[in-house]
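Written below as structure tokens is the structure these notes are about.
The values are calculated or read from the model by the stated rules, or taken from the named source; none is laboratory data. Everything numeric in this text was worked out from a predicted model, so none of it was measured. Neighbour counts are summed over all protein chains in view; Cβ atoms, including those assigned to glycine, are modelled from backbone coordinates with ideal geometry. Side chains are part of the model used for accessible areas, which takes the heavy atoms of the whole protein and leaves out ligands, DNA and RNA. Shrake-Rupley method; radii C 1.70, N 1.55, O 1.52, S 1.80 Å.
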Amino acid sequence: MYEVILSLHSYWAYLVLIILIIAVFNAIIKTVGGKEYSAKDFRISLFTLILSHVQLLIGVILYFVSPRFSLWGELGGGVMSNSLARLYLVEHPFVNILAVALITVGYSKHKKLLTSTAKLKKIAIFYTIALVLLLSRIPWGTWLG
């Protein structure tokens, strides 16, 4: 079961990154270009929100079924002195939860705004910060390897 969830989490991450990059560039380009907010922009930001929340759910399940989870019992506070264990058990989950929260906040805040520029700017800011956070905590060595 662990291997299936791990594969799903890894492949779903590609979808999340692709749609998040599309959402960020779309919002930035339209903000800078002074273009109007459209139904397409709404769908892109909503799809990003949904995909990121599904990824979070898969990640939470993976966290608890992972063999690495037992390191909490074995190492206790020593998890923080082991860089690989700290990445998988603390940094990756915490930063990615924070990134999904930023996507959620950005989506919620943009819906309340009335002008196109304000809506697109809000998405651009929150989604860009979330993208940077996600990219900073991906275990690149194992994910691409």
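Residue pairs whose Cβ atoms lie under 6 Å apart, separated by 6 or more positions or on different chains, with the first residue in segment 13-41 and touching a residue at least 40 places away in the same chain (Cβ under 8 Å) and the second among the β-branched types (Val, Ile, Thr) and open to solvent by 20 Å² or more (accessible area, probe 1.4 Å), are 23/44; 24/128. Of the residues making up segment 68-87, at least one is touching a residue at least 40 places away in the same chain (Cβ under 8 Å) and open to solvent by less than 60 Å² (accessible area, probe 1.4 Å).
Residues that are over 30 Å from residue 113 (Cα atoms), surrounded by 13 or more Cβ atoms within 10 Å (Cβ to Cβ) and either among the small types (Gly, Ala, Ser) or at pLDDT below 95 (or both) are absent from segment 25-34 altogether.
Each residue in segment 99-125 was checked for being loosely packed, with under 15 Cβ neighbours inside 10 Å, under 14 Å from the mean Cα position of the chain (by Cα) and not hydrophobic (A, V, I, L, M, F, W, C), and 0 of them qualify. Taken together, the criteria exclude residue 46 from residues that are among the aliphatic types (A, V, I, L, M), touching a residue at least 60 places away in the same chain (Cβ under 8 Å) and open to solvent by less than 30 Å² (accessible area, probe 1.4 Å).
Within segment 11-20, can one find any residue that is under 16 Å from residue 99 (Cα atoms), open to solvent by 30 Å² or more (accessible area, probe 1.4 Å), touching a helix residue (DSSP H, G or I) at 6+ places or on another chain (Cβ under 7 Å) and assigned to a helix (DSSP H, G or I)? Spell out how you get there, then give the answer.
Within segment 11-20, the first condition is being under 16 Å from residue 99 (Cα atoms), and the residues that meet it are 12-20.
Narrowing further to those that are open to solvent by 30 Å² or more (accessible area, probe 1.4 Å): 12, 14-15, 18.
Pick out the ones that are also touching a helix residue (DSSP H, G or I) at 6+ places or on another chain (Cβ under 7 Å) and you get 12, 15.
Now narrow it down to the ones that are assigned to a helix (DSSP H, G or I): 12, 15.
Yes, there is a match, as at least one residue in segment 11-20 is under 16 Å from residue 99 (Cα atoms), open to solvent by 30 Å² or more (accessible area, probe 1.4 Å), touching a helix residue (DSSP H, G or I) at 6+ places or on another chain (Cβ under 7 Å) and assigned to a helix (DSSP H, G or I).
Can you pull out every residue in segment 126-145 that is free of Cβ contacts under 8 Å to residues at least 40 places away in the same chain and either open to solvent by less than 50 Å² (accessible area, probe 1.4 Å) or polar (S, T, N, Q) (or both)? 126, 133, 142 - these are the residues of segment 126-145 that are free of Cβ contacts under 8 Å to residues at least 40 places away in the same chain and either open to solvent by less than 50 Å² (accessible area, probe 1.4 Å) or polar (S, T, N, Q) (or both). Is it fair to say residue 61 is hydrophobic (A, V, I, L, M, F, W, C), over 21 Å from residue 1 (Cα atoms) and either open to solvent by 70 Å² or more (accessible area, probe 1.4 Å) or not in a helix (DSSP H, G or I) (or both)? Criteria not met by residue 61. With respect to residue 91, determine if the residue is within 18 Å of the chain's Cα centre (by Cα) and of a type in the set (Asp, Glu). Yes; evaluated as a whole, the condition is true for this residue.
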